[in-house]
Amino acid sequence: MQEFQGRVAVVTGGASGIGLAMAKAFLAEGMKVVIADVEEPALKAACEDLAGQTGGEVSGVVTDVSDPASVQALADQVFDTHGACHLLCNNAGVAAPNLDLWETEPSDFQWVHGVNVGGVAHGVQAFVPRMIASGEEGYVVNTSSGDGGISPLAQQVVYASSKAAVSIMTECLAAQLIGRGTKLRASIFYPSGGMLRTGIWTTKRNRPKDLARKVDVDAGQETTFDDFLEGAKKAGFDLPVQDLDELAQFLVQGIRNEDFVIMIDRESMEATLNERAAKLARGDCPIELQHMGLS
């Protein structure tokens, strides 16, 4: 996808963090942008800020991506208003507390997988048929994570398993779009380059009451971005922080290149995946158990 000017982009989870940076980058390319988010006040503020900063055409639609009817309503509004969608970014994501699997609750999976996995599926189901039918060039970007798609962290079992699913779904989608002879392409986006200051650290604020945990977790199992950085610094680690606007600009270039995997320092995954493959081929668990004090 080479041309962005005048085309229509939809970004879920677009009111903050990476999604907001995406929307800003697409507006800078001359696109018309629709941002979808479950937080109405943040969505309104984001649209006002983006319009003021860029002077571009941006609108917001309150959307719960875990609800297929809500995503269908988003698609209806986009096509009724703009007549097309050329770039769909399934970016909305949430996370659950870091727990051993046996300490998780069914609602942890229902919420996180409902948003992270269901949100991608619902986006594709609501938008892609109409994008194909338009006969125009189009693109789908699904936001995954190296934690799951490349090298899962054991204590983030709920989140990591959801992102592993997103990566596999996107592989299948990309193959299907090409195999069916469509003009659409798909990419996995791995946010990368350093620590990311996003809303994923505080997604508990959006957890529905009917999916609340029955057992509260210790404060140490849920932390803010700044608390994490401070803790790392005290432990002797000065972690790099990736600028989100630069990350979004990198994404734009990846779309132009039609890279299936869009990731800063993408080449570094080869050694990690080779090591994982070698361990699996030996019948070993690829996660370093000693890092958790389990061996």
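FYI, it's all coordinate maths here, none of it is from the lab. Since the model is a prediction, treat every value here as computed from it, not as a measurement. Cβ atoms come from the backbone with ideal geometry, glycine included; neighbour counts cover every protein chain shown.
Per-structure values
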quantity	calculated
Summed residue charge, Cβ within 11 Å of residue 46's Cβ, Lys/Arg positive, Asp/Glu negative	-3
Least to most buried among 264, 255 (fewest other Cβ within 10 Å first)	264, 255
Angle in degrees between helix 244-257 and the longest Cα principal axis of the chain, rounded to the nearest 10	60
Answer label for percent of Cα pairs over 30 Å apart (calculated), chosen among (i) 30; (ii) 25; (iii) 38	(i)
Acute angle (nearest 10 degrees) that the helix 157-179 long axis makes with the longest principal axis of the chain, alpha-carbon atoms	40
Reachable aspartates and glutamates, given that their alpha-carbon falls under 16 Å from the alpha-carbon of residue 183 and they are not under 8 places away in the same chain	3, 136, 137, 258, 259
Most mobile listed residue (134, 192, 162) in the chain, GNM with C-alpha springs under 10 Å	134
Per-residue Cβ neighbour rank within 10 angstrom, fewest leading, 64, 238	238, 64
On Cα atoms only, tilt of 269-281 relative to the major axis of the chain in degrees	50
Residue exposure sequence - 168, 150 - by fewest surrounding Cβ within 10 Å	168, 150
Residues residue 274 and residue 235, FRET efficiency given R0 of 35 Å [Cβ-Cβ distance, rounded to 0.05]	0.75
